[in-house]
Amino acid sequence: MRHDAHLLLRSWGAALERTSAHVRSHLHPVPEARWGLFAHSQVRGRQLETSLALHLLQREGVEPQWQQRLRACLKQNLTGGDGFSQLLANQVLGLEPCTSARFALEGLLKDLQYGTSRKRHLLQVLLLEVGLRSGGEELLETLPATHPSWHLFSRIYAAASRLILHRRLGRTVTGLPEVAFLRDTQGANGGWEQQALLTLVALLGLGQEQPECFARGLRFLQHLSRPDGGIPFIDNLNIWVSALSGLALREVRGAPPSMLMDLGAYLAAHQSEEGGWSFTENVAQNDTDTTAQCVMLLQDLGLPRHATALSRGHYYLLRLQRPDGGYPTYVGDADSEVTMTACILQAQGQRLREDPSLAGPIQRGLSYLVDHQQADGTFERSWSLCETYSLFRVVWALESCQPYASGSQGTALRQGALRYLLASQQENGRWGQTANEPGDVLSTAYAASALSMLGHRERLPSALSYLLSQQSPEGAIVSRPDQSGPRPFVYDEPLLGSIFSIIALAWARRLLGAHARDVRRTA
């Protein structure tokens, strides 16, 4: 038995090195800089943006060759997406609807937990724009008024939606304040916040009456076009993925210190004036998830030159804590979210010894997590479709928040998480996005990481054997996608399967290796 465990740990070590090498292969020098590395992995094309791009070009009567490429891509990828996106694809291709608009809309939104009314209205506007519903006057009258709690992305969607509705009702948009707002928020490269969907909705609102904005927006979308003709949600998530890559590689000592220091230099250079970070370059809206990951990597590096950036990052996060103890994704007036709160608590816990004043915010954050754990041990799914993701984030936060996470609050959270993880593992060792769905890499990696952090050994070998069975000869471990943006539309960042599998393998190897050493000592 000891011999088998030794061989198992050795095989995991070799697999870890291959996957670590795969992640390292995505690290690139920062252009025109003396130092710095960033992780770059392109997000794959998506049916929703591809359909809307074809509709925009058809409506405006431009770019016939580009239209052909988009049409060919959609015809080759008509199935596999969500019902709403498939409905739009069929409509812009002139095919029979695959489902009713109402059924597709309700099916998409049934599990959405945040911004449901705003998202419902935006999708109704898109259905109207492509000719799948009527009632433009009604939609204009019920268009939600902007609110201080809305982040920049939502304000752009609202402004563009108003212009789309005016157009559909045959009214001029010239002189409306939303036109000036969209002009002012267009990025230097022609996109809005580097997102294709946001850019498409803005261009549908502006039209060619704003010729310079329209031309720059089309160039941005052309730049995003994938080899198969598809348009992704966003080109990349360089800052978020760079931080995650650095954290994963540090878990296994999978990169030389100089490489990690270069990642840190890249992240520090992209901190905003407010002290936060955005998920990629040239995005004005910061988010707490990316900020927490960047703060954690810079803290792990422990370099004096990052001290100011770390102080500013922690202050940025602290300002966003809500009265309920939780943290939102974007702005302080928005609802708290479990995964954002857990990520921030993990970052704060790592700094607690240096800054004891974080004890109060940590305790309030832990109370929020306890209050939002469901009876079966799960939490909201938020930005991930995997029930195991929020569990993994909460358990990892508990590892950092000692001694406050060792009391009754931490015990309740751990017990609930373990109960769900043991009950939902499938016979083949995997976990699915929910208990009733087939197993996949990311759901299993999150669950295996959490089990290791909880000190539960027995279920790990079958889970990790599954992860390794999905490893390609190049070391990649690719998963069914689980991240959504904007919620609830799923996008595919192919490097995430490898990153979170590294973390899972690292924690399991640490736990099982310690157990094997204990067995040898007592033998």
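The values are calculated or read from the model by the stated rules, or taken from the named source; none is laboratory data. If you're wondering where the values come from, they're calculated on a predicted model, not measured in any experiment. Neighbour counts are summed over all protein chains in view; Cβ atoms, including those assigned to glycine, are modelled from backbone coordinates with ideal geometry. SASA here: full protein model, heavy atoms, side chains in, ligands and nucleic acids out. Shrake-Rupley method; radii C 1.70, N 1.55, O 1.52, S 1.80 Å.
Tabulated results
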quantity	calculated
Residue, most open to solvent (accessible area, probe 1.4 Å), within the stretch 460-472, restricted to residues that are part of a helix (DSSP H, G or I) and under 22 Å from Val23 (Cβ atoms)	Ser469
Selected residue (criterion: surrounded by the fewest Cβ atoms within 10 Å (Cβ to Cβ)) from residues of the stretch 253-265 that are out of contact with any strand residue (DSSP E or B) (no Cβ under 7 Å at 6 or more places or on another chain) and within 17 Å of Ser25 (Cβ to Cβ)	Ser258
For Thr388: the one exception among (1) surrounded by 23 or more Cβ atoms within 10 Å (Cβ to Cβ); (2) among the β-branched types (Val, Ile, Thr); (3) more than 21 Å from Phe500 (Cβ to Cβ)	(3)
Of all residues in the stretch 176-211 being free of Cβ contacts under 8 Å to residues at least 24 places away in the same chain and over 26 Å from Gly45 (Cα atoms), the one that is most open to solvent (accessible area, probe 1.4 Å)	Asp184
Filtered residues of the stretch 74-89 (kept if open to solvent by 40 Å² or more (accessible area, probe 1.4 Å), under 21 Å from Leu56 (Cα atoms) and in a loop (DSSP other than H, G, I, E, B))	Asn77, Leu78, Asp82
Residues (β-branched (Val, Ile, Thr) and surrounded by fewer than 24 Cβ atoms within 10 Å (Cβ to Cβ)) located in the stretch 238-252	Val252
Any chance Ser149 is out of contact with any Lys or Arg (no Cβ under 8 Å at 6 or more places or on another chain), in contact (Cβ under 8 Å) with a residue 40 or more places away in the chain and open to solvent by less than 10 Å² (accessible area, probe 1.4 Å)	no
Members of the stretch 403-427 found to be closer than 27 Å to Val478 by Cβ and modelled with pLDDT under 95, listed by number	Glu427
Cross-chain or 6+ apart pairs with Cβ under 6 Å, the stretch 291-304 first and without any contact (Cβ under 8 Å) to a residue 60 or more places away in the chain and more than 22 Å from Glu273 (Cβ to Cβ), then open to solvent by 10 Å² or more (accessible area, probe 1.4 Å) and in a helix (DSSP H, G or I)	Asp300/Arg250
Glu96 at pLDDT below 95 and touching a helix residue (DSSP H, G or I) at 6+ places or on another chain (Cβ under 9 Å)	yes
The stretch 433-459 - residue that is free of Cβ contacts under 8 Å to residues at least 24 places away in the same chain and under 22 Å from Ile499 (Cβ atoms) and, of those, surrounded by the fewest Cβ atoms within 10 Å (Cβ to Cβ)	Pro438
Checking Ala268 against (1) open to solvent by less than 10 Å² (accessible area, probe 1.4 Å); (2) outside any loop (DSSP other than H, G, I, E, B); (3) among the small types (Gly, Ala, Ser), the condition it does not meet	(1)
Subset of the stretch 122-136 [closer than 16 Å to Ala158 by Cβ and open to solvent by 20 Å² or more (accessible area, probe 1.4 Å)]	Gln124
Residue match in the stretch 40-52 (condition: hydroxyl-bearing (Ser, Thr, Tyr), surrounded by fewer than 16 Cβ atoms within 10 Å (Cβ to Cβ) and either free of Cβ contacts under 8 Å to residues at least 40 places away in the same chain or in a loop (DSSP other than H, G, I, E, B) (or both))	no
Every residue from the stretch 205-248 that is in a loop (DSSP other than H, G, I, E, B) and of a type in the set (Lys, Arg)	Arg226
Pairs with Cβ under 6 Å, 6+ apart, first in the stretch 366-383 and farther than 19 Å from Trp431 by Cβ, second open to solvent by 10 Å² or more (accessible area, probe 1.4 Å) and part of a helix (DSSP H, G or I)	Leu366/Gln409; Val370/Gln409; Val370/Ala412
Some residue of the stretch 308-319 being part of a loop (DSSP other than H, G, I, E, B), in contact (Cβ under 8 Å) with a residue 40 or more places away in the chain and open to solvent by 10 Å² or more (accessible area, probe 1.4 Å)	no
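Yes/no per residue for (1) assigned to a helix (DSSP H, G or I); (2) touching a helix residue (DSSP H, G or I) at 6+ places or on another chain (Cβ under 7 Å):
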site: Thr388; (1), (2): yes, yes
site: Thr411; (1), (2): yes, no
site: Leu422; (1), (2): yes, no
site: Ser449; (1), (2): yes, yes
site: Glu474; (1), (2): no, yes
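Yes/no matrix, rows are residues, columns are (1) under 24 Å from the mean Cα position of the chain (by Cα); (2) closer than 29 Å to Arg183 by Cα:
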site: Lys110; (1), (2): yes, no
site: Ser117; (1), (2): yes, yes
site: Gly131; (1), (2): no, yes
site: Leu143; (1), (2): no, yes
site: Ser149; (1), (2): yes, yes
site: Ser161; (1), (2): no, yes
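Residue-wise test of (1) under 18 Å from Tyr114 (Cβ atoms); (2) modelled with pLDDT under 95; (3) open to solvent by 40 Å² or more (accessible area, probe 1.4 Å); (4) assigned to a helix (DSSP H, G or I).
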site: Thr329; (1), (2), (3), (4): yes, no, no, no
site: Asp333; (1), (2), (3), (4): yes, yes, yes, no
site: Ala347; (1), (2), (3), (4): no, no, no, yes
site: Ser357; (1), (2), (3), (4): no, no, yes, yes
site: Pro361; (1), (2), (3), (4): no, no, no, yes
site: Tyr368; (1), (2), (3), (4): yes, no, no, yes
site: Asp376; (1), (2), (3), (4): no, no, yes, no
